[in-house]
Amino acid sequence: MTKLSIAALFGSVLVLAGCSAAPAPLSESSAPPEVPQVPHPLNVRKYEQDPCALLPQAAEVFGAVRNRKITGNVAPVCSWNDRENSSLAVGLVPGQGGLATVYGNRSSTGYFEPAPSIDGYPAVYTNVLDNRSDGGCQVAVGVRSDETFTSSVILFPRSPSYADPCAVALKAATAVVATLRASS
């Protein structure tokens with residue numbers, strides 16, 4: 001994996017976290033009016049330090065053969081690789097303003113597009129770099145008014161899903177929401 005693809009995969013934490021490259025987290029009251037509300041907040045605390053438990057079905061969803069927990073800027077991230085070394089990363093982004101911050105930071109991203117809601121939970125495709133034509137995609141999903149999680153993929157050209165990486169990111173995000181709902 002190149003340094004550029006690693007930066008694209010994990011770079012969104014800077015945008016979502018409101019670090020030095022982006023404005024501070026927004027509160028719900030200062031959120032742009034178009035920010036969708038989270039209808040039924042999910043209990044995510046037990047997964048904030050154990051993101052690999054968010055996707056126990058990684059082999060079925062992504063064809064994962066190995067995973068590792070990575071220290072993120074805000075909270076740990078779990079990264080899975082398939083046999084071709086394409087990667088999927090999932091992590092919660094606690095205490096950073098939730099979707100209000102994601103929407104507030106959209107002008108500093110490479111792309112920002114609404115995604116289909118996942119079982120009623122609002123989602124957007126967004127990342128600091130637009131690498132979708134190169135097998136990369138990220139979706140941010142609101143699970144609480146102050147918290148999101150991201151599902152990011154970097155697929156290599158030999159991946160059968162290379163032309164539609166957002167479908168893979170969305171499929172993984174859907175599985176994560178199912179895990180969270182089952183434990184809430």
Selected residue (criterion: nearest to VAL128 (Cα to Cα)) from residues of region 81-92 that are open to solvent by 10 Å² or more (accessible area, probe 1.4 Å) and either in a helix (DSSP H, G or I) or in contact (Cβ under 8 Å) with a residue 40 or more places away in the chain (or both):
ASN85
Given the structure, is LEU129 buried (at least 17 other Cβ atoms within 10 Å of the Cβ), of a type outside the set (Ser, Thr, Tyr), under 21 Å from PRO39 (Cα atoms) and touching a residue at least 12 places away in the same chain (Cβ under 8 Å)?
no
Close pairs (6 angstrom Cβ cut-off, 6 or more residues apart or separate chains): without any contact (Cβ under 8 Å) to a residue 24 or more places away in the chain in region 54-77, assigned to a helix (DSSP H, G or I) anywhere:
ASN67/CYS52; LYS69/CYS52
Has region 166-177 got at least one residue that is open to solvent by less than 40 Å² (accessible area, probe 1.4 Å), out of contact with any helix residue (DSSP H, G or I) (no Cβ under 6 Å at 6 or more places or on another chain) and closer than 22 Å to ASN73 by Cβ?
yes
Which numbered condition PHE156 fails, given (1) of a type in the set (Phe, Trp, Tyr); (2) open to solvent by less than 30 Å² (accessible area, probe 1.4 Å); (3) under 16 Å from GLY63 (Cβ atoms)
(2)
LEU129 vs. criteria assigned to a loop (DSSP other than H, G, I, E, B) and not small (Gly, Ala, Ser):
yes
Is it true that some residue in region 47-58 is touching a Ser or Thr at 6+ places or on another chain (Cβ under 6 Å), open to solvent by less than 10 Å² (accessible area, probe 1.4 Å) and within 14 Å of ALA140 (Cα to Cα)?
no
I'm trying to understand the selection: among the residues of region 93-123, which are in contact (Cβ under 8 Å) with a residue 24 or more places away in the chain and of a type in the set (Phe, Trp, Tyr)?
TYR103, TYR121
Given (1) open to solvent by 10 Å² or more (accessible area, probe 1.4 Å); (2) out of contact with any Gly (no Cβ under 9 Å at 6 or more places or on another chain), number of the condition SER161 does not satisfy:
(2)
Tell me which residues, restricted to region 60-80, are modelled with pLDDT under 95, outside any loop (DSSP other than H, G, I, E, B) and among the small types (Gly, Ala, Ser).
ALA64
For region 105-124, how many residues meet the condition of being in a helix (DSSP H, G or I) and either closer than 10 Å to ALA173 by Cβ or open to solvent by less than 70 Å² (accessible area, probe 1.4 Å) (or both)?
1
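The values are calculated or read from the model by the stated rules, or taken from the named source; none is laboratory data. Predicted, not measured: the structure shown is a model, and the values here were computed from it. FYI the Cβ positions are ideal-geometry reconstructions off the backbone, even for glycines, and counts take in every protein chain you see. Just so you know, the surface numbers come from the protein's heavy atoms only, side chains and all, with ligands and any DNA or RNA stripped out. Shrake-Rupley method; radii C 1.70, N 1.55, O 1.52, S 1.80 Å.
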